[in-house]
Amino acid sequence: MENIVSASHNKGALPRDYEELQIMAGEPEEIETDEISDVPEVLDESETDKQDEQLVYTHVRAPEIRRSGTRILMGVTAVCGAVSGAVIMFTEKSDPTALEMISQSLVGTVGELFLRAMITGAVFLIAELILGFFALGDWLVWVLPLCYAMGMSLRVAAAGTGVLLPSAAAGICAVTFAAATSASFSQTLLRLSKGGMAYRDRSPLRNYVPAFLGYAVIIAVAAVYEGIALNWK
């Protein structure tokens, strides 16, 4: 009889564990401050745009600054070579045999003078082109504009007139800019060999060889002028 009463009294009652679960489910879960601090901070769009602009600016401006410095260095080298040639000629410290050879090179037909000037300029351009394919070629390429400018200065002085000044200036500029292009390409290869990347996703070789073709055209035009100027009556 007692069992029946206890069963009827507990009829409809929920288990104790179920009530505890209901209470725990109803209480709001507290979030620790440490977990909130671990959430990564979201940057504003303006800040990310500024960072991207700075990255692009650095990647674009860095090679331009190097190229400008290389051109200045090669230009100073060419000027030193031209001044050295003039000093050697006017101080009469040059070899008489060398002076005679330079004077003989200024005599000939238009075709002969063109070929001599073109071959001389082409030899320097080819040497600069080849040095650009070496990672340390920029350590040696500065010698070429120095020697070329010195030789052109000796030729102008041996001519005795300023008729060769335009062709000499054009040839020196072409060889000097070619040396700067070669040095920049060499520096690019050195950077790539160390795990660097090509700027603006361009192949460095794409503009290298066409640039030397342009320098060769300048040398050819200067050679034509030299042949005509030395045979002008």
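The values are calculated or read from the model by the stated rules, or taken from the named source; none is laboratory data. Just so we're clear, the structure is a prediction, and the values are computed from it rather than from any experiment. Neighbour counts run over all protein chains shown; Cβ positions are idealised from the backbone, glycine included. Keep in mind that these areas ignore ligands, DNA and RNA; they rest on the heavy atoms of the full protein, side chains included. Shrake-Rupley method; radii C 1.70, N 1.55, O 1.52, S 1.80 Å.
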Requested in this report: Tell me which residues, restricted to the stretch 67-95, are more than 25 Å from Ala229 (Cα to Cα) and in a helix (DSSP H, G or I).
Outcome: Arg67, Ser68, Gly69, Thr70, Arg71, Ile72, Leu73, Met74, Gly75, Val76, Thr77, Cys80
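Which residue out of Val123, Val110, Val83 is under 33 Å from the mean Cα position of the chain (by Cα), modelled with pLDDT of 85 or more, open to solvent by 60 Å² or more (accessible area, probe 1.4 Å) and closer than 20 Å to Val217 by Cα? Before the answer, list the steps.
On the way: Val110 fails: under 33 Å from the mean Cα position of the chain (by Cα); Val83 fails: closer than 20 Å to Val217 by Cα.
Within the list Val123, Val110, Val83, the selection yields Val123.
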Report task. Return the residue satisfying two criteria in turn: it lies in the stretch 169-188 and is among the small types (Gly, Ala, Ser) and touching a residue at least 60 places away in the same chain (Cβ under 8 Å), and of such residues it is most open to solvent (accessible area, probe 1.4 Å). Result -> Ser184
Query raised in the report: Looking at (1) open to solvent by less than 60 Å² (accessible area, probe 1.4 Å); (2) modelled with pLDDT of 90 or more, which is the one condition that is false for Arg191?
Result: (2)
